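The values are calculated or read from the model by the stated rules, or taken from the named source; none is laboratory data. If you're wondering where the values come from, they're calculated on a predicted model, not measured in any experiment. Here the Cβ positions follow ideal geometry from the backbone for every residue, glycine too, while neighbour counts run over all protein chains shown. The area values use the complete protein model at the heavy-atom level, side chains included, leaving out ligands, DNA and RNA. Shrake-Rupley method; radii C 1.70, N 1.55, O 1.52, S 1.80 Å.
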Amino acid sequence: MAPEAIFFVSDGAPVSGKIVNPPEIVQAIAGWNHVRRVSVHAVGIDTNDTTTAMFARFMRGLSGTNWGDYVAVDR
């Protein structure tokens, strides 16, 4: 599989996996994606609340370092 784009839809809260620290996730994905240059677009569901703003920053960083866009969708 050789995708041109990935669309990541989430509330942005990493809760499981080998890496759950948002800055570490962004760094790891950017490293893996450095050569392939797949656009990673992030859609944040209900991430504009002040309690979830850190997850919006995470998803914005993830898409920004991987040639993608971030869009927030509120309920």
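For the stretch 3-24, enumerate the residues that are more than 19 Å from V73 (Cβ to Cβ), assigned to a loop (DSSP other than H, G, I, E, B) and either in contact (Cβ under 8 Å) with a residue 12 or more places away in the chain or under 10 Å from the mean Cα position of the chain (by Cα) (or both).
P3, E4
Every residue in the stretch 57-75 that is part of a loop (DSSP other than H, G, I, E, B) and at pLDDT below 90, please. Lay out the reasoning, then the answer.
Start the filter on the stretch 57-75 by keeping residues that are part of a loop (DSSP other than H, G, I, E, B), which leaves 65-69, 74-75.
Of everything in the stretch 57-75, those that are part of a loop (DSSP other than H, G, I, E, B) and at pLDDT below 90 turn out to be D74, R75.
Considering only the stretch 25-56, how many residues are in a helix (DSSP H, G or I) and without any contact (Cβ under 8 Å) to a residue 12 or more places away in the chain? I'd like the intermediate steps shown before the answer.
So the first thing to find is which residues in the stretch 25-56 are in a helix (DSSP H, G or I), and the list is 25-33, 50-56.
Now narrow it down to the ones that are without any contact (Cβ under 8 Å) to a residue 12 or more places away in the chain: 27-28, 31-32, 50-51, 53.
Summing the residues that are in a helix (DSSP H, G or I) and without any contact (Cβ under 8 Å) to a residue 12 or more places away in the chain in the stretch 25-56 gives 7.
Please give the number of the condition E24 fails out of (1) open to solvent by 80 Å² or more (accessible area, probe 1.4 Å); (2) in contact with a helix residue (DSSP H, G or I) (Cβ under 6 Å, 6 or more places away or on another chain).
(2)
How about the stretch 36-65: which of its residues are over 8 Å from the mean Cα position of the chain (by Cα), surrounded by 15 or more Cβ atoms within 10 Å (Cβ to Cβ) and within 19 Å of V20 (Cβ to Cβ)?
G44, I45, T47, T52, F55, A56, R57, T65, listed by residue number.
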